[in-house]
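The structure under discussion appears below in the form of structure tokens.
The values are calculated or read from the model by the stated rules, or taken from the named source; none is laboratory data. A quick note: this is a predicted structure, and the numbers were derived from the prediction, not measured. Cβ placement follows ideal geometry from the backbone for every residue including glycine, while neighbour counts extend to all protein chains displayed. These area figures cover heavy atoms from the full protein model, side chains too; ligands, DNA and RNA do not enter into them. Shrake-Rupley method; radii C 1.70, N 1.55, O 1.52, S 1.80 Å.
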Amino acid sequence: QVQLVESGGGLVQPGGSLRLSCAASGSISSIYRMSWYRQAPGKQRELVADITSGDSTNVADSVKGRFTISRDNAKNTLYLQMNSLKPEDTAVYYCNAWTPSRVSWGQGTQVTVSS
């Protein structure tokens, strides 16, 4: 089983930046994919970006060119660098980890973009 803890959310003005972190523990060696999702009030959870064990990345069109997903294997941590933030990026951001047996989710971190 994998445990995930997100951090780094907060209130930021439009055009600002934040870096989210997701610390993983447990059965880390079995993870083959990690992702960032977000859920805004009244909307479905949507995929923001993901990265495979081979470092192949995918970023949603809505954030392409502004958000970057990366990971530090030595620290067992997944990151989401968010630049040029917009009010529509406001949401709870979740990381998840895929293993052959299950998908694990973190508790989420709130990102609010507002002036």
When restricted to Arg45, Arg33, Arg66, the only residue under 14 Å from the mean Cα position of the chain (by Cα) and open to solvent by 80 Å² or more (accessible area, probe 1.4 Å) is Arg45
**Message:** With the structure loaded, tell me whether Asp55 is at pLDDT below 95, open to solvent by 50 Å² or more (accessible area, probe 1.4 Å) and charged (D, E, K, R) or whether it fails that test.
**Reply:** yes
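For Gln110, indicate whether it is over 24 Å from Ile31 (Cβ atoms) and either part of a strand (DSSP E or B) or out of contact with any strand residue (DSSP E or B) (no Cβ under 9 Å at 6 or more places or on another chain) (or both).
Working: over 24 Å from Ile31 (Cβ atoms): yes; either part of a strand (DSSP E or B) or out of contact with any strand residue (DSSP E or B) (no Cβ under 9 Å at 6 or more places or on another chain) (or both): yes.
Yes.
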Restricted to region 9-22 and to residues being within 15 Å of the chain's Cα centre (by Cα) and open to solvent by less than 50 Å² (accessible area, probe 1.4 Å), the residue farthest from Leu85 (Cα to Cα) is Cys22
Open item on the list: When you check Ser101 against the structure, is it open to solvent by 20 Å² or more (accessible area, probe 1.4 Å) and modelled with pLDDT under 95, yes or no?
Closed with: yes
